[in-house]
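Working notes for the structure below.
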Amino acid sequence: QVQLVESGGGLVQAGGSLRLSCAASGNIFSINTMGWYRQAPGKQRDMVATITSSSSTNYADSVKGRFTISRDNAKNTVYLQMNSLKPEDTAAYYCNVRLLRGAPLRDQEYWGQGTQVTVSV
């Protein structure tokens, strides 16, 4: 099995910063794309940022210039540095990982349990 363990959420004032981490463990052959998604109450889950195995990144327009996604392949970990946080960034943040595992190898997708980010005015 594969486990994703997220950390780093919390309560912060507007303008502050947080750093989220998500570590993948288990029987993994290789990890392809890693990313962060968020879901506010009553809304759909939206992409925040993704990073490929070659470190190509993609960001939602609403976070460009404020958030930075990165990964440590040796640790199977993805990070999301969030700066200049705004109240509208308040949401549950979910880690997403696409990887290869199994015999024969298959592309599989996993989600973290979610970590709450709350930005106060």
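The values are calculated or read from the model by the stated rules, or taken from the named source; none is laboratory data. As the structure is a prediction and not an experimental result, all values here were calculated from the model. Positions of Cβ are generated from backbone atoms using ideal geometry, with glycine treated the same way; all protein chains shown enter the neighbour counts. SASA here: full protein model, heavy atoms, side chains in, ligands and nucleic acids out. Shrake-Rupley method; radii C 1.70, N 1.55, O 1.52, S 1.80 Å.
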Problem - Qualifying positions in the range 25-37 - open to solvent by 40 Å² or more (accessible area, probe 1.4 Å) and part of a strand (DSSP E or B) - result: Ser25, Gly26, Asn32, Thr33, Tyr37
Exercise for the section: Please find, among Val97, Val119, Val78, the residue that is of a type in the set (A, V, I, L, M, F, W, C), in contact with a helix residue (DSSP H, G or I) (Cβ under 6 Å, 6 or more places away or on another chain) and touching a residue at least 12 places away in the same chain (Cβ under 8 Å). Expected result: Val119
Exercise for the section: Determine if the range 101-110 includes at least one residue that is aliphatic (A, V, I, L, M), at pLDDT below 95 and under 19 Å from Asn27 (Cβ atoms). Expected result: yes
Practice task
Please verify whether the range 89-104 includes one or more residues that are assigned to a helix (DSSP H, G or I) and surrounded by fewer than 17 Cβ atoms within 10 Å (Cβ to Cβ).
Solution key: no
Practice task
Those residues that are polar (S, T, N, Q) and open to solvent by less than 20 Å² (accessible area, probe 1.4 Å), I need them from the range 71-88; list them, please.
Solution key: Thr77
Problem - Criterion: touching a Ser or Thr at 6+ places or on another chain (Cβ under 6 Å) and either open to solvent by less than 30 Å² (accessible area, probe 1.4 Å) or not hydrophobic (A, V, I, L, M, F, W, C) (or both) - qualifying residue of Thr57, Thr68, Thr52 - result: Thr52
Handout entry: Residues being closer than 17 Å to Gly26 by Cβ and of a type outside the set (Asp, Glu) - total across the range 72-99
Key = 11
